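See below for the structure under consideration.
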Amino acid sequence: MKGDLKKKLSDLCLDCHCDRTLPLEYKVDIVPKMEVRGLPLADGNVTCVICNYPHANIHGSMLRMTHADLCQK
């Protein structure tokens, strides 16, 4: 997931969603402990876009797929 981004992917998301860094929120910029298939990693790390698809609002909340399908992945 390389490109011409001006910042690290997670930093772009957190510029607007800074409330998502609380201790009980989702963790980003970490290496997954298990193999990840069918979901995008950024340089091998979990980022916001592993669940969210920022260019479309397919499932009503920018999720890449339904909650159930994400959990199964």
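The values are calculated or read from the model by the stated rules, or taken from the named source; none is laboratory data. All of these numbers come straight from a predicted model, not from anything done at the bench. All Cβ positions, glycine included, derive from the backbone under ideal geometry; neighbour counts span all protein chains shown. To get the accessible areas, we keep the full protein, side chains included, count just its heavy atoms, and leave off ligands, DNA and RNA. Shrake-Rupley method; radii C 1.70, N 1.55, O 1.52, S 1.80 Å.
Points to keep in mind about this one:
- Between I30 and M62, the modelled labels are 2.1 nm apart [label points 7 Å from Cα along Cα→Cβ].
- For region 15-50, trypsin sites (Lys or Arg not before Pro) meeting the loop criterion (DSSP other than H, G, I, E, B) and having at most 15 other Cβ atoms within 10 Å: K27, K33, R37.
- Relative contact order [Cα under 8 Å, 6+ residues apart], region 33-73, whole percent: 32
- Anisotropy class of the chain from Cα gyration tensor, a/c 1.5 cut: rounded
- Test item: Cα-centred dipole of the chain, Lys/Arg +1 and Asp/Glu -1 on Cβ, debye: 140
- If the chain linking Y53 and L22 were pulled fully straight, counting 0.36 nm for each residue of separation and taking away their Cα-Cα distance, it would gain 9.0 nm.
- Accessible area per residue for the chain is 81 Å², calculated with a 1.4 Å probe on protein heavy atoms, without ligands, DNA or RNA.
- Mean residue ellipticity at 222 nm, helices only, the chain: -5000 deg cm²/dmol; runs of at least 4 DSSP H residues each add -39,500 (n - 2.57), and the sum is divided by the number of residues.
- Within the accessible area of the chain (1.4 Å probe), percent carbon and sulfur: 57
- For the chain: relative contact order, % (alpha-carbon pairs under 8 angstrom, 6 or more apart): 25
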